[in-house]
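Report on the following structure.
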Amino acid sequence: KSGGGDNKATSSAPSRRMGRARAVAIHILLDNFVLVYLYVALMMAVTSLLEGRILTIIPEMKEGYFTAVRASIKVSLLGYAPVQFMSFYSLPRNLRVLAVNVMDVVWVAVMSFVTHGNRH
């Protein structure tokens, strides 16, 4: 009986890692390729509100929304998503926050450049 239990314990470790990898991958795919449409819209709207350009929100969204979404997806494909996967999968929780915050600074800088570049 105990031999079967040992095999079960050792065989479940790889399946737990695969389950964790799958969960991390789903989280990243949702964040970077599904929810990106909401993130970009909110970022553009809030930026316009904070800069006092309430009347230009809709025209700016019509002009630059899909350009900003494409830029965000490119940033994700070129490094953000793989780095996110590695940090969520392998870093301890206390370091994940730092890693994600550093990546977010890059994302916000790219989005700011894209949305403000459309105005000039």
- Task: Kindly express, to the nearest 10 degrees and within the range 0 to 90, the angle between helix 81-90's C-alpha long axis and the longest C-alpha principal axis of the chain.
- Result: 40 degrees
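How much length would be gained if the chain were fully extended between HIS116 and ILE57, taking 0.36 nm per residue of separation minus their Cα-Cα distance, in nm to one decimal? Show your work: numbers first, answer last.
Values: separation 59, 0.36 × 59 = 21.24 nm, distance 1.25 nm.
The HIS116-ILE57 span can extend by a further 20.0 nm.
What does the accessible area per residue of the chain come to in Å², with a 1.4 Å probe and no ligands, DNA or RNA counted?
Per residue, the chain has 68 Å² of solvent-accessible surface.
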- Task: Could you tell me which label, among [x] 2, 10, 17, 17, 14, 11, 9, 6, 4, 3, 3, 2, 1, 1, 0; [y] 2, 10, 21, 25, 21, 13, 6, 2, 1, 0; [z] 2, 10, 17, 21, 19, 13, 9, 6, 3, 1, 0, carries the value of P(r) over Cα pairs in 5 Å bins from 0, in percent calculated for this structure?
- Result: [x]
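Scan the stretch 49-109 for trypsin sites (Lys or Arg not before Pro) in coil per DSSP, keeping those whose Cβ has at most 10 other Cβ atoms within 10 Å, and list them by number. Don't skip to the end; give the middle numbers.
On the way: sites: ARG53, LYS62, ARG70, LYS74, ARG93, ARG96; in loops: ARG53.
Within the stretch 49-109, no trypsin sites (Lys or Arg not before Pro) qualify (loop, at most 10 other Cβ atoms within 10 Å).
Carbon-plus-sulfur fraction of the accessible area of the chain, 1.4 Å probe, in percent? Don't skip to the answer; put the middle values down first.
Details: 5760 of 8120 Å².
That fraction is 71 percent.
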- Message: With angles folded into 0 to 90 degrees, how steeply does helix 2-29 sit against the dominant principal axis of the chain? Use alpha carbons for both and round to 10.
- Response: 10 degrees
- Note on the structure: Rounded to the nearest 10 degrees, the helix 93-117 long axis (Cα) sits at an angle to the longest Cα principal axis of the chain of 30 degrees
- FRET efficiency for TYR39 and THR67, using Cβ-Cβ distance with R0 set to 22 Å, rounded to 0.05: 0.90
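The values are calculated or read from the model by the stated rules, or taken from the named source; none is laboratory data. Because the structure is a prediction, the values reported are computed rather than measured. All Cβ positions, glycine included, derive from the backbone under ideal geometry; neighbour counts span all protein chains shown. All accessible areas refer to the heavy atoms of the entire protein, side chains included, with ligands and DNA or RNA removed. Shrake-Rupley method; radii C 1.70, N 1.55, O 1.52, S 1.80 Å.
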